[in-house]
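Shown next, in structure tokens, is the structure this report addresses.
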């Protein structure tokens with residue numbers, strides 16, 4: 001089994017749950033205690049992937065190097081430096097804070113300016129705090145399928161784990 005490493009970034013506005021999504025994915029844990037990221041925090045997790053090559057199943061271990069980037073406005077100018085070399089991103093919005101959703105397109109453009117060949121997954125986080133009947137409407141409103149680098153939009157919850165593994169798995173599958 002061969003191993004490769006790929007850098008991905010998680011970013012979005014302040015308080016949308018970026019660190020909680022990473023913690024749920026890497027450690028399978030959630031905490032109600034709020035931890036503000038200062039600058040960048042780097043985590044790692046390995047994923048086993050199976051590829052079909054000429055009819056032969058080939059196992060591959062992908063080590064994701066996950067950069068959790070601070071979401072404050074004063075940090076935006078510096079954040080672009082952290083995007084360098086990233087092969088993918090998860091851009092996070094908070095379904096309970098509509099203004100964070102309105103910034104998703106801006107975050108995508110900022111990331112793709114630095115990494116135009118990279119892939120993006122959109123995570124609409126904190127879905128456990130909104131009535132289920134509204135979630136599909138919110139997801140449809142923030143679909144970016146007209147842009148080839150945007151893989152999909154997922155409704156997520158770091159608290160319940162809903163779609164957390166999926167956002168990283170879909171991104172990982174496109175990185176190899």
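The values are calculated or read from the model by the stated rules, or taken from the named source; none is laboratory data. This one's a predicted model, so the numbers in the text were calculated from it and none came from an experiment. Positions of Cβ are generated from backbone atoms using ideal geometry, with glycine treated the same way; all protein chains shown enter the neighbour counts.
A quick yes/no check of all residues on (1) within 26 Å of residue 50 (Cβ to Cβ); (2) not in a loop (DSSP other than H, G, I, E, B):
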site	(1), (2)
136	no, yes
146	no, no
152	yes, yes
157	no, no
160	no, no
165	yes, yes
169	yes, yes
174	yes, yes
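Check region 65-80 and report whether any residue there is surrounded by fewer than 20 Cβ atoms within 10 Å (Cβ to Cβ) and part of a strand (DSSP E or B).
There is at least one residue in region 65-80 that is surrounded by fewer than 20 Cβ atoms within 10 Å (Cβ to Cβ) and part of a strand (DSSP E or B).
Does any residue of region 35-48 turn out to be buried (at least 16 other Cβ atoms within 10 Å of the Cβ), closer than 21 Å to residue 166 by Cβ and modelled with pLDDT under 90?
For region 35-48, residues buried (at least 16 other Cβ atoms within 10 Å of the Cβ), closer than 21 Å to residue 166 by Cβ and modelled with pLDDT under 90: absent.
Kindly check whether there is at least one residue in region 125-137 that is under 18 Å from residue 171 (Cα atoms) and free of Cβ contacts under 8 Å to residues at least 60 places away in the same chain.
Here is the first cut: in region 125-137, the residues under 18 Å from residue 171 (Cα atoms) are 125.
Within this subset, residues satisfying the condition of being free of Cβ contacts under 8 Å to residues at least 60 places away in the same chain are none.
For region 125-137, residues under 18 Å from residue 171 (Cα atoms) and free of Cβ contacts under 8 Å to residues at least 60 places away in the same chain: absent.
Looking at 106, 99, which one is more than 21 Å from residue 25 (Cα to Cα), at pLDDT 95 or above and assigned to a helix (DSSP H, G or I)?
Only one candidate passes the filter, namely 99.
Considering each residue of region 109-127, count those that are in contact with a helix residue (DSSP H, G or I) (Cβ under 7 Å, 6 or more places away or on another chain) and assigned to a helix (DSSP H, G or I), and give that number.
4
Would you check if residue 164 is within 22 Å of residue 43 (Cα to Cα) and either within 14 Å of the chain's Cα centre (by Cα) or free of Cβ contacts under 8 Å to residues at least 24 places away in the same chain (or both)?
Criteria met by residue 164.
Before we move on, is residue 26 at pLDDT 90 or above and closer than 20 Å to residue 155 by Cβ?
In short, no.
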